[in-house]
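**Q** I have a structure here, written as structure tokens, and I will follow up with some questions on it.
The values are calculated or read from the model by the stated rules, or taken from the named source; none is laboratory data. Every value quoted in this text rests on a predicted model; they were computed, and no experiment measured them. Heads up, the Cβs are rebuilt from the backbone with ideal geometry, glycines too, and the neighbour counts pull from every protein chain shown. With ligands, DNA and RNA removed, areas are computed over all heavy atoms of the protein, side chains included. Shrake-Rupley method; radii C 1.70, N 1.55, O 1.52, S 1.80 Å.
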Amino acid sequence: MDSLIKFFFCLSLFLFISLIFGEINGVEGSNQNHHLYGFRPTKLFVFGDSYADTGNIRKSLSNSWKFPYGITFPGKPAGRFSDGRVATDFLAKFVGIKSPIPYFWKDYAGKKRLLHGMNFAYGGTGVFNTQVPLPNMTTQIDFFQKILTAGDIYSTSDLISSVALVSVAGNDYSTFIAQNRPASEFPGFIKQVVDQTEVNLRRLHALGVKKIAVPSLQPLGCLPGITVASSFQRCNESQNALVKLHNSLLQQAVAKLNNETKQSTFIILDLYNAFLTVFKNKGANPGSTTFQNPLKPCCVGVSSEYRCGSVDEKGVKKYVICDDPKSAFFWDRSHPTEAGWRSVYSVLRETLTSSLIKA
Ligand SMILES: *[C@@H]1O[C@H](CO)[C@@H](O)[C@H](O)[C@H]1NC(C)=O
Ligand SMILES: *[C@@H]1O[C@H](CO)[C@@H](O)[C@H](O)[C@H]1NC(C)=O
Ligand SMILES: *[C@@H]1O[C@H](CO)[C@@H](O)[C@H](O)[C@H]1NC(C)=O
């Protein structure tokens, strides 16, 4: 996710607080018979990075607040790393609640808005510190714990009907690569990342969160920043092999945690295979024609030194956008479009229904 990092140092814009209010709502709830299963989530707490961030990152630090981000939803840049809705919004929709308010905006939100939970995710972050000076996952959970301890927004009993999303999409690894650490250290580092993730998951459970959804790591070797080397034709299988190691260690960690807690508290959302399924089908289902070339991103810099959203010193744009973001799976070098996320959550629907809502 080197692209994330390079986005981050641009000129500051003013904060138009009023501008984003009403827009961070995300997708409206689509409450589907959850009462049948005895546990109906009413709150979603989110931790992680740009796959989940819905507006925490400051405007001065990120392209996600610049045109053309947000053109599909909410219609202008509002801090999401996509043309529109991201993983948090689709998971919220699935559980039937409004997308939770970003932590950064909590003081500007009405009490009612806070009842849907809170999003602590910051684009560019990891379980360890990355190349961005933003709260790592430990610090994000510290924020959550502080709010719980203060007790004026959420009480412990509120957490009985809560779900958490814990998104670790690879910034620890792009940081490792940027530091030019020897490749031989990679497997050991993967173990450290998963061990730290396990510490974080155990802590969220100890704080009282009832169900915790943990996406597997998506196939990093298929991200446009990598496949640009083959004109978006082929995934890099050696990178995907490292991702598979991460995912198998994660699977073991989650099995161990579920055994420890004697409940199926932790659920893996198999993002890795959901991405591959969508690539193969060119959409959510076999025979779809939604994404003609699923590896080709919608928004790209005009040359390798530019990114989606880049402008030169005169303000001239240095990127091109595809005609229809709905026909692209990827938005930029590392993030799916809203249509991409929709297809991924459509593939994940079965797991979500059987494990998140029942149980
Ligand atoms: C998270 O960030 C804090 C503040 O920078 C740092 O002290 C801490 O060591 C970091 N945690 C991990 C697990 O890297
Ligand atoms: C795949 O990625 C690795 C590591 O970044 C790189 O060394 C290798 O050349 C890439 N392979 C292909 C086929 O692009
Ligand atoms: C589950 O935990 C029990 C102890 O509580 C242990 O005996 C058993 O080996 C564990 N199983 C797995 C698969 O880790």
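**Q** Taking ASP142 and the conditions (1) open to solvent by 50 Å² or more (accessible area, probe 1.4 Å); (2) within 13 Å of ligand 1 (Cβ to nearest atom); (3) not in a helix (DSSP H, G or I), which numbered condition does it fall short on, given that it satisfies the others?
**A** (3)
**Q** Where in the stretch 193-307 are there helices (runs of 4 or more DSSP H), lying fully within it, with 3 or more residues that are among the polar types (S, T, N, Q) and within 24 Å of GLN140 (Cα to Cα)?
**A** Hits in the stretch 193-307: 237-261.
**Q** Let me ask something additional. For the stretch 189-211, which positions are under 13 Å from GLN252 (Cβ atoms) and open to solvent by 10 Å² or more (accessible area, probe 1.4 Å)?
**A** Those that are under 13 Å from GLN252 (Cβ atoms) and open to solvent by 10 Å² or more (accessible area, probe 1.4 Å): LYS191, ASP195, GLU198.
**Q** So which residues in the stretch 28-52 are polar (S, T, N, Q) and modelled with pLDDT of 50 or more?
**A** THR42, SER50
**Q** Among ALA253, ALA339, which is within 16 Å of ligand 3 (Cβ to nearest atom) and either touching a residue at least 12 places away in the same chain (Cβ under 8 Å) or β-branched (Val, Ile, Thr) (or both)?
**A** Working: ALA339 fails: within 16 Å of ligand 3 (Cβ to nearest atom).
When all the criteria are applied, what remains is ALA253.
**Q** Answer yes or no as to whether PHE104 is touching an Asp or Glu at 6+ places or on another chain (Cβ under 7 Å) and open to solvent by 40 Å² or more (accessible area, probe 1.4 Å).
**A** For PHE104, the condition - touching an Asp or Glu at 6+ places or on another chain (Cβ under 7 Å) and open to solvent by 40 Å² or more (accessible area, probe 1.4 Å) - is not met.
**Q** Could you say whether any residue in the stretch 351-358 is part of a loop (DSSP other than H, G, I, E, B) and surrounded by fewer than 17 Cβ atoms within 10 Å (Cβ to Cβ)?
**A** Yes, the conditions are met somewhere in the stretch 351-358.
**Q** Go through (1) touching a residue at least 40 places away in the same chain (Cβ under 8 Å); (2) more than 16 Å from ligand 2 (Cβ to nearest atom); (3) more than 17 Å from the chain's Cα centre (by Cα) for THR149 and report which single condition fails.
**A** Result: THR149 fails condition (1) only.
**Q** If we scan the stretch 310-319, do we find a residue that is hydrophobic (A, V, I, L, M, F, W, C), modelled with pLDDT of 95 or more and surrounded by 15 or more Cβ atoms within 10 Å (Cβ to Cβ)?
**A** Scanning the stretch 310-319 turns up no residue that is hydrophobic (A, V, I, L, M, F, W, C), modelled with pLDDT of 95 or more and surrounded by 15 or more Cβ atoms within 10 Å (Cβ to Cβ).
**Q** Criterion first (modelled with pLDDT under 95, in contact with a Pro (Cβ under 8 Å, 6 or more places away or on another chain) and of a type outside the set (Lys, Arg)) does ILE17 satisfy it?
**A** no
**Q** Continuing with the same structure: Within the stretch 239-293, track down each residue that is among the polar types (S, T, N, Q) and more than 22 Å from LEU201 (Cβ to Cβ).
**A** Listed by number, the residues that qualify are GLN239, ASN240, THR277, ASN281, ASN285, SER288, THR289, THR290, GLN292, ASN293.
**Q** Among the candidates THR197, THR175, single out the residue that is within 16 Å of ligand 2 (Cβ to nearest atom) and either small (Gly, Ala, Ser) or out of contact with any Pro (no Cβ under 6 Å at 6 or more places or on another chain) (or both).
**A** THR175
**Q** While we're on this one: For ALA241, are the conditions met, namely being closer than 14 Å to LEU348 by Cα, small (Gly, Ala, Ser) and more than 16 Å from ligand 3 (Cβ to nearest atom)?
**A** Numbers: closer than 14 Å to LEU348 by Cα: no; small (Gly, Ala, Ser): yes; more than 16 Å from ligand 3 (Cβ to nearest atom): yes.
In short, no.
**Q** Hey, does the stretch 118-127 have a residue that's modelled with pLDDT of 95 or more, within 16 Å of ligand 2 (Cβ to nearest atom) and surrounded by 16 or more Cβ atoms within 10 Å (Cβ to Cβ)?
**A** No, the stretch 118-127 has no match at all.
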